[in-house]
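Structure record follows, encoded as structure tokens.
The values are calculated or read from the model by the stated rules, or taken from the named source; none is laboratory data. A quick note: this is a predicted structure, and the numbers were derived from the prediction, not measured. Quick reminder, even Gly has a Cβ in these numbers, built from the backbone with ideal geometry, and neighbours come from all protein chains shown.
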Amino acid sequence: MTERYVCVHGHFYQPPRENPWTGLVDEEASAAPWHDWNERITDECYAPNAAPPSTYERISFDVGPTLMEWLGRHRPDVHRGIVDGDAAAAGRSGGRGGAIAQAYNHMILPLANERDRRSQVRWGAADFEHRFGRRPEGMWLPETAVDLATLETLADEGIRFTVLAPRQADQVRFADADAWSPAEDGMAQAGAYRQVLPSGRDIALFFYDGDLSRAVAFDGLLHDGDEYARRLRTAAEAGSEPRLVSVATDGESYGHHHAHGEMALARALDEVDRDPAVNLTTFAAYLDRHPPRADVRILEDSSWSCAHGVSRWTGACECGLRDGGSVSWRQPLRDALDGLRDALALRFEQAGESLLRDPWAARDDYIRCLLDPSPNVREDFLAAHGTSRSSGESVFALLEQQRYAMLMFTSCGWFFDDPDGLEPRQVLRYAARALDVSRGGPATASIIHDFQLTLGPLASLYSRIIDEDRPPGEAGVSWQAP
Ligand SMILES: [Zn+2]
């Protein structure tokens, strides 16, 4: 059997857009004639890719848990198509389903604190298991943002591999070499690499083909499915065996960013499948046959969408800046939310002390109540985590506070260059909702004061947004200066 492989990975994701007070997505005029972007992108991409021959049966992919939740609620046919695609691939002889998990709400994990990092990975894995009926073997990192602490968390939770951009490899060492050497172009095609972690454990890392992935995402390769197939086969047939050529892009390339991109992909997959010299595979299936033959050292604090590391999400670089835009708000927004997270954590611990045996363990497990809202799940949860003084209402209000305190770090908030854009507004709404559900308390005024002090000149804009976006009649904490 030939040891030449092609793996196409799609990262399917849209930022959560539910209004946190209503649980519904507000009308988004820019998506017209659709009601909102989720509906539009579902029709352009997620649904057509589920039509036979299902993309989800033939590629490696991850779907953001918050998007899967929306699909499950609004387009159960598409949700089912995605899950069935994974199951069909797993059912073939020696097959492995193509689905991998994603950290829960697309937080930049190297910028998160240790507790949030762990909850994001646990919630992402639990969400995956609930939907796909098996534990995840791989996990996609939001924006492929990585550091050793994040990889350590993945390994702790039993995740075997993740996928990174080639520039995130710093040094490599092959089995026949004693010395480390700088990672070079072409290292990605050697298959899986092993990253040894500070704890002594290790995790497998795949690096996608940078040129091919760029061609798919940005250079119009999807205009021609035959050409896409030719590029994949040529790349896989070069060099020595075993060889793995993998492409990783946003899944929305296939139908949303590029009209009919899903048809070009289907055509390319057909061609690759027909070629006896090349095998179409998934990362998990490849890893079964080919454990890492080389070691790698990652570039700490790096990502696929910021050449400067993870600066895009703190304001230390100008990635995403266009004429007339600004990035000076990114750092104050992050600092303000970091401060709010810490203040809410203190409140959670203090209130949780008498209500929960171990508040943070309860938070990690709370995902099961979100996945299955039935009363008996809540009763089980309370029996496992509550104390004799717990009332369901106060326990779940506290946990909702923590859910919003994580949602407010959804990375999209920092991605663009408009401080008043839909994405920063969304993280602010989550911040406000987190404080609303934690029901006041004497420290609330000082929490808001600190938040506004950190925001500086942005404070009045953001206070106004919060008070505007909260639906009329909804009780909540006022953010306007007294
Ligand atoms: Zn950057």
Item to complete: Please indicate, with yes or no, whether at least one residue in segment 248-263 is more than 30 Å from residue 450 (Cβ to Cβ) and more than 25 Å from the chain's Cα centre (by Cα).
Response: yes
Discussion item. What's the total number of residues in segment 268-283 that are farther than 13 Å from residue 58 by Cα and aliphatic (A, V, I, L, M)?
Written reply: 2
Worksheet item: Taking segment 371-401 as the region of interest, how many residues are assigned to a helix (DSSP H, G or I) and free of Cβ contacts under 8 Å to residues at least 60 places away in the same chain?
Response: 21
Worksheet entry | Positions within segment 113-146 being in contact (Cβ under 8 Å) with a residue 60 or more places away in the chain, buried (at least 24 other Cβ atoms within 10 Å of the Cβ) and assigned to a loop (DSSP other than H, G, I, E, B), in sequence order | 145
Worksheet item: Can you name the residue in segment 309-359 that is among the aliphatic types (A, V, I, L, M) and in contact with a strand residue (DSSP E or B) (Cβ under 9 Å, 6 or more places away or on another chain) and, of all such residues, is nearest to the ligand (Cβ to nearest atom)?
Response: 310
Discussion item. Would you confirm, using the coordinates I've provided, whether residue 300 is surrounded by fewer than 17 Cβ atoms within 10 Å (Cβ to Cβ), free of Cβ contacts under 8 Å to residues at least 24 places away in the same chain and within 16 Å of the ligand (Cβ to nearest atom)?
Written reply: no
Item to complete: Those residues that are among the basic types (Lys, Arg) and touching a residue at least 24 places away in the same chain (Cβ under 8 Å), I need them from segment 87-112; list them, please.
Response: 96
Worksheet item: Only one of 456, 476, 413 is in a loop (DSSP other than H, G, I, E, B), touching a residue at least 24 places away in the same chain (Cβ under 8 Å) and small (Gly, Ala, Ser); which?
Response: 476
Worksheet, complete the sentence: Residue set 338, 323; condition of a type in the set (Asp, Glu), outside any helix (DSSP H, G or I) and either without any contact (Cβ under 8 Å) to a residue 60 or more places away in the chain or in the same structural domain as residue 407 (by TED's automatic domain parsing) (or both); output residue 323
Worksheet item: Looking only at residues in segment 279-297 that are in a loop (DSSP other than H, G, I, E, B) and of a type in the set (S, T, N, Q), which one is surrounded by the most Cβ atoms within 10 Å (Cβ to Cβ)?
Response: 282
